[in-house]
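Scroll down for the structure; my scribbles are underneath it.
The values are calculated or read from the model by the stated rules, or taken from the named source; none is laboratory data. Since we're looking at a predicted model, the values are computed, not measured. Glycine gets a Cβ as well: all are built from the backbone with ideal geometry, and neighbour counts include every protein chain shown.
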Amino acid sequence: MTMQWLQDREIAIVACADTKPVKRSGKTALELAGEVTDTLLRSAGIERDRIDGLAATPANSEAYNPFWTSMLADALGLSVGWSQVTDIGGASIIGNILRAGAAVHAGLCEMVLCIAADAPSTQFFAKQSGFRAEFCDPFGYSVLPLSFALLTSAYAARYGSPDRGLARLAVTQRNGALLNDRACDYLRVPLTEEDYLASRMISHPLRLLDCVMRCDGANAFLVTSSRMAREMGCAAPVHPIAYRECINFDPKNAVDDITLTGFTQAGPAALRDAGLAPADIQSFHPYDDFYIAILLQLEQIGFCRRGQASDFIREHNVGIGGDLPINTGGGQISAGQPGLANGGVNLIEAVRQLRGEAGPRQLAEASNAMVTGIGVIQYARNWGCSNVIILERGA
Amino acid sequence: MKWLQNRGIAIVGFADTPLVRNSGRSAAEIAGEVVGKLLAEARLERRDIDGLAVTLAMSEAANPFWSNLLAEHLGLSPRWCQATDLGGASNLGNIARAAAAIQAGMCEAVICLGADAVSSHDATNQTGHRTEFCTPVGYSGPLVAFGLLSTAYNARFGNPERALAKLAVAQRAGAVANEIACEVLRKPITEQDYLASRFVSHPLRLLDCVMRCDGGYAVLVTSTQRARELGYTQMVHPIAYRELVNFDPGQTVDELTTSGFSVVGPEALNDAGVRPGDIQMLAPYDDFLIAVLLQLEQIGFCRPGQGAAFLAERAIGFHGDLPINTGGGQVSAGQPGLAGGGVNLIEALKQLFGKAGPRQKPGVRNVMATGIGVIPYAHNWSSSNVAILERSA
Amino acid sequence: MSESRTPIVETDLTRPFWQATKQRRFLLQYDPKADRYQFYPRPISLYSTAPLVWREVKGEGTLIAHTLCHTPAPGFAALTPYILAIVQLAEGPRVFARVADAKYEELKVGQKMRIVWGDELGDGREYLFAPAN
């Protein structure tokens, strides 16, 4: 199974846009989608009629609507030959970049708008069903941090507490947010490792400052063929050169260690596809709903050995200017998670780094980046979806 | 999409459940039944499946992680997974998306799955313009939209009710011969019964409309090469597919009855290198019978306004020269919510695999199947898609 | 059992429209660059990236389609059967609403219609269509 067309640099991201995440926007997801589409069309300098593909993510604020992409198309005035919603949680946005690429590669369409917008503070309709409603909620499952607290306790039992590595990450990402005017203003206050360690326990051993904060926002990316990117005169195309995804890791509970995830498969496979070693990655933009998730990814993708992530973070400089910068814009934890438009926050930061548009956060070496996604908690084990995309700055 | 015309993609198996009104089951339970049947029928293990494309379920509408829940519930661990939310166009749409994902190397064997229990539980609440500018002023559902389309059509071309009566009777005869059709619908009707049925949204009659039920289906899509490696001898190739979402957003087309089929129908025929006369059987999406008539005209089986005359002339029953919805269509078999587009698709596959029992048209080699999805504001339907399916030689 | 009507939940985007209905004024979004109107209110222009402005219109147009609805929306049971229609306004956009002061059998696609105001939403802001003559 190969996706040679990725390695052939056949696909390009030619534009990106976002709205600044805010805690209470008072807006609907449709309004945010309109704003971000408007910004994207202006910055790409293309007519709306050129867009013939649409990939969206669901919105918590519109969850009852089973026709969400059609509603978006109607509201935004788009008429397309291919559209879809990807419902793999925080893995959906980089998943959409790839699905858009595959649709372009397959000839279903040429120019795809990948869009995500959510306004969970305005209204929240999502209601999980199945095992969650029947076998979790009635037994005291309250909030997502609980799942990650369980993971953290399993990890700590095996490898010892990773507190000090997490504290370093918390400060590093916050420093990124301070330099990022697209981060949620509420979070743009300086932080020390002591602040992190002293923050209150939400679900022991998970602290408040381990957790992402939900907000309202939107992001959008324009994906097309590299040939079209050249015809458009795109100055800074970004190519996805490898992508792997794993949904519902370990369905049969064959793996003893619940801290293991699909990244053990998708991470090494994506690096192999790209012909890169972990040390070749110039910046890492891992999905961060909770900091422990970054530790697990560092180990399982192959940046360090199992149980070594906390030491890795303290021994390397993971900030801007370091040898492996992580989530340079603050990540979701320090920039805000716009509901189910979540995976786009770290992706847009990576794209901005590669396009040389990261302002005071700009890395000197930014010719490639790895971005990941995590989606959905399965029953009594780890998260269900893990995906990895490796991006490269085009010539 | 040359790779479709090259017969590079194969459908090698399918399964469905009986359509049942108010089954009391959940969509996940229905999904379990069809996937179990499909794996047994196709002689595959779960680990052989590395792709999953699902339709959303109205009965689970508020769950923003539906495809994942199904993967978890069914014990599948795919490398590519998605939901398609184009309403009745999602089912055919998933076949094309699965094919494109296989073509792109993301996966090799995909289950396209639709399951819904909407007659037992409806969790949908459409948002945006629907809740702000439609329901508050009296919009009560798709039958209003199709009542409006019908008056616009009638004003231009005259009332096609006699042809619709013939279509209603032909589809019903298919349902009577189809054991998965909803039991409450498996009673023969006459044209007189159709014409005498009460108006629900004038000029739309009760017997123009679908009835909601519960049910599901699953289809296995792989590459033709992989299908041969796995030892399948019988397969069906999608040889052309076209889709258009949100037709005419700028409202430049004056005629309300014109839909995206006027674009995608001729395109799909052209891609496949066939003319309408080459199509041996039709499986058009039928939420309302008028939709079948509009499709015949806009895809190019006859000229605009000639749909009624066309239906009157042709033998459209399951033993006719151009059979239409031989299993009853959704109107006579039932619409299992957003898995509804699968009803006519599965019937087309049964015909092409020679498994349609008393409804079998001998030697059928190709079928055109279509999908319709979602009503936008004061327009025709939003999504139109067309697939041409061909039995392997 | 009397179900109540689906309440109109205004958004920031649509508030100017609903405010105007209280004075029985019907507003459309207008794109000055493309010189086109649109309805329902959308977050961006369908025709360009120019900012939209609100413009009051007379509410005159042509009947495109109508139906006599026997299956009421919530809160409409007492009015059933009632007529619903799509009217294309002189400015271009199509609008969906109930028809007042007309018999279903007497309406003809192509005839002139105008917007009138009803009081059933409580504050006189329900827009309906009626034959123009």
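For the condition within 7 Å of chain A (Cβ to nearest Cβ) and of a type in the set (A, V, I, L, M, F, W, C), what is the one hit in B:Ala28, B:Ala99, B:Ala53, B:Ala42? Quick ask: steps written out before the conclusion?
Working: B:Ala99 fails: within 7 Å of chain A (Cβ to nearest Cβ); B:Ala53 fails: within 7 Å of chain A (Cβ to nearest Cβ); B:Ala42 fails: within 7 Å of chain A (Cβ to nearest Cβ).
Of B:Ala28, B:Ala99, B:Ala53, B:Ala42, the one residue that is within 7 Å of chain A (Cβ to nearest Cβ) and of a type in the set (A, V, I, L, M, F, W, C) is B:Ala28.
Here the condition is being within 23 Å of the chain's Cα centre (by Cα) and either facing chain A (nearest Cβ under 8 Å) or over 30 Å from C:Val9 (Cα atoms) (or both); of B:Cys107, B:Cys112, it holds for B:Cys112 alone.
Filtered by the rule that a residue be part of a helix (DSSP H, G or I), farther than 16 Å from B:Trp66 by Cβ and β-branched (Val, Ile, Thr), the range A:58-116 gives A:Ile93, A:Ile94, A:Ile97, A:Val104. Residues that are within 13 Å of chain A (Cβ to nearest Cβ) and at pLDDT 90 or above within the range C:47-65 comprise C:Pro51, C:Leu52, listed in sequence order. Tell me, yes or no, whether the range B:270-281 has at least one residue that is of a type in the set (A, V, I, L, M), free of Cβ contacts under 8 Å to residues at least 12 places away in the same chain and in a loop (DSSP other than H, G, I, E, B). No.
Every residue in the range C:71-91 that is over 11 Å from the mean Cα position of the chain (by Cα), facing chain B (nearest Cβ under 7 Å) and modelled with pLDDT of 90 or more, please. C:Tyr82, the sole residue that qualifies.
With the range B:1-103 as the region, which strands (runs of 3 or more DSSP E) entirely inside it contain at least 3 residues that are touching a strand residue (DSSP E or B) at 6+ places or on another chain (Cβ under 8 Å) and under 24 Å from A:Met71 (Cβ atoms)?
Working: elements: B:9-16, B:51-55, B:80-84.
In the range B:1-103, the matching strands (runs of 3 or more DSSP E) lie at B:51-55, B:80-84.
Only one of the numbered conditions (1) more than 22 Å from the chain's Cα centre (by Cα); (2) away from every other protein chain (no Cβ under 14 Å) is violated by B:Asp254, and that is (2). Pull up the range C:1-46, narrow it to residues that are aromatic (Phe, Trp, Tyr) and assigned to a loop (DSSP other than H, G, I, E, B), then point me to the one that is farthest from the other protein chains (Cβ to nearest Cβ). Checking each candidate, the answer is C:Phe39.
Contact map, the range B:112-134: first residue polar (S, T, N, Q), second residue in a strand (DSSP E or B), Cβ cut-off under 7 Å, separation 6 or more or different chains; pairs are B:Ser119/B:Arg212; B:Ser119/B:Asp214; B:Ser120/B:Asp214.
In the set B:Glu191, B:Glu243, B:Glu255, only one residue is crowded, with 19+ Cβ neighbours inside 10 Å, among the acidic types (Asp, Glu) and touching a helix residue (DSSP H, G or I) at 6+ places or on another chain (Cβ under 8 Å); that residue is B:Glu243.
Among the residues of the range B:248-269, those identified as in contact with a Ser or Thr (Cβ under 6 Å, 6 or more places away or on another chain) and touching a residue at least 24 places away in the same chain (Cβ under 8 Å) are B:Ser259, B:Gly260, B:Phe261, B:Val264. Mind counting the residues in the range A:329-344 that are out of contact with any Pro (no Cβ under 7 Å at 6 or more places or on another chain) and of a type in the set (A, V, I, L, M, F, W, C)? Result for the range A:329-344: 2.
Quick check on C:Leu68: is it in contact with a Pro (Cβ under 7 Å, 6 or more places away or on another chain), assigned to a strand (DSSP E or B), at pLDDT 90 or above and at the interface with chain B (Cβ under 10 Å from one of its Cβ atoms)? Before the answer, list the steps.
Details: in contact with a Pro (Cβ under 7 Å, 6 or more places away or on another chain): yes; assigned to a strand (DSSP E or B): yes; at pLDDT 90 or above: yes; at the interface with chain B (Cβ under 10 Å from one of its Cβ atoms): yes.
The answer is yes for C:Leu68.
Yes or no: the range A:26-40 includes at least one residue that is of a type outside the set (Lys, Arg), in contact with a strand residue (DSSP E or B) (Cβ under 8 Å, 6 or more places away or on another chain) and more than 14 Å from chain C (Cβ to nearest Cβ). No, there is no match, as no residue in the range A:26-40 is of a type outside the set (Lys, Arg), in contact with a strand residue (DSSP E or B) (Cβ under 8 Å, 6 or more places away or on another chain) and more than 14 Å from chain C (Cβ to nearest Cβ).
Residues A:Ser70, A:Ser61: which one is within 30 Å of B:His379 (Cβ to Cβ) and touching a residue at least 40 places away in the same chain (Cβ under 8 Å)?
Numbers: A:Ser70 fails: touching a residue at least 40 places away in the same chain (Cβ under 8 Å).
It is A:Ser61.
The sole residue among B:Ala378, B:Ala387, B:Ala333, B:Ala339 that is without any contact (Cβ under 8 Å) to a residue 12 or more places away in the chain, crowded, with 19+ Cβ neighbours inside 10 Å and not assigned by TED's automatic domain parsing to the domain that holds B:Ala53 is B:Ala378. Has the range B:261-276 got at least one residue that is at pLDDT 95 or above, away from chain A (no Cβ under 14 Å) and crowded, with 21+ Cβ neighbours inside 10 Å? Checked against the condition, which is being at pLDDT 95 or above, away from chain A (no Cβ under 14 Å) and crowded, with 21+ Cβ neighbours inside 10 Å, the range B:261-276 yields at least one hit.
For (1) of a type outside the set (A, V, I, L, M, F, W, C); (2) at pLDDT 95 or above, each residue gets a yes or a no:
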| site | (1), (2) |
| --- | --- |
| B:Val137 | no, no |
| B:Pro142 | yes, no |
| B:Leu164 | no, yes |
| B:Gly174 | yes, yes |
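Taken over the range B:125-158, the criterion of being assigned to a helix (DSSP H, G or I), closer than 21 Å to C:Pro43 by Cβ and more than 7 Å from chain C (Cβ to nearest Cβ) is satisfied by B:Arg130 alone.
Screening the range A:173-270 for strands (runs of 3 or more DSSP E) wholly inside it with 1 or more residues that are modelled with pLDDT of 95 or more and among the polar types (S, T, N, Q) returns the ranges A:217-225. If I go through the range A:67-97 residue by residue, how many of them are touching a Lys or Arg at 6+ places or on another chain (Cβ under 9 Å) and under 16 Å from A:Glu245 (Cβ atoms)? Total meeting the criteria: 2. Looking at this structure, is B:Ala387 at pLDDT 95 or above and within 24 Å of B:Arg186 (Cα to Cα)? No, not satisfied.
Mind listing just one residue for me: the one in the range B:102-141 that is among the charged types (D, E, K, R) and touching a helix residue (DSSP H, G or I) at 6+ places or on another chain (Cβ under 6 Å) and, of those, nearest to A:Ala100 (Cα to Cα)? Even if it seems obvious, please write down each step before you answer.
Here is the first cut: in the range B:102-141, the ones among the charged types (D, E, K, R) are B:108, B:116, B:122, B:130, B:132.
Filter again for touching a helix residue (DSSP H, G or I) at 6+ places or on another chain (Cβ under 6 Å), leaving B:108, B:116, B:122.
Working: B:Glu108: 18, B:Asp116: 27, B:Asp122: 31 Å.
The qualifying residue nearest to A:Ala100 (Cα to Cα) is B:Glu108.
Restricted to the range B:335-388, and to residues that are in a strand (DSSP E or B) and farther than 16 Å from B:Gln295 by Cβ, which residue is farthest from the other protein chains (Cβ to nearest Cβ)? Walk me through it before giving the result.
If we filter the range B:335-388 for residues that are in a strand (DSSP E or B), which is where we start, we get B:335, B:366-373, B:383-388.
Retained after the next criterion (residues that are farther than 16 Å from B:Gln295 by Cβ): B:335, B:366.
Numbers: B:Gln335: 14, B:Asn366: 22 Å.
Restricting to residues being in a strand (DSSP E or B) and farther than 16 Å from B:Gln295 by Cβ, the top hit is B:Asn366.
Of the residues in the range A:37-51, at least one is closer than 25 Å to B:Leu92 by Cα, surrounded by fewer than 23 Cβ atoms within 10 Å (Cβ to Cβ) and modelled with pLDDT of 95 or more. If you filter the range A:83-94 down to residues that are within 19 Å of A:Leu72 (Cα to Cα) and at pLDDT 95 or above, you find that the one that is farthest from the other protein chains (Cβ to nearest Cβ) is A:Ile93. Among residues of the range A:274-320 being charged (D, E, K, R) and touching a Lys or Arg at 6+ places or on another chain (Cβ under 7 Å), the one that is surrounded by the fewest Cβ atoms within 10 Å (Cβ to Cβ) is A:Arg314.
Selection over the range B:309-336 of residues that are at pLDDT below 95 and within 27 Å of B:His121 (Cα to Cα) gives a count of 0.
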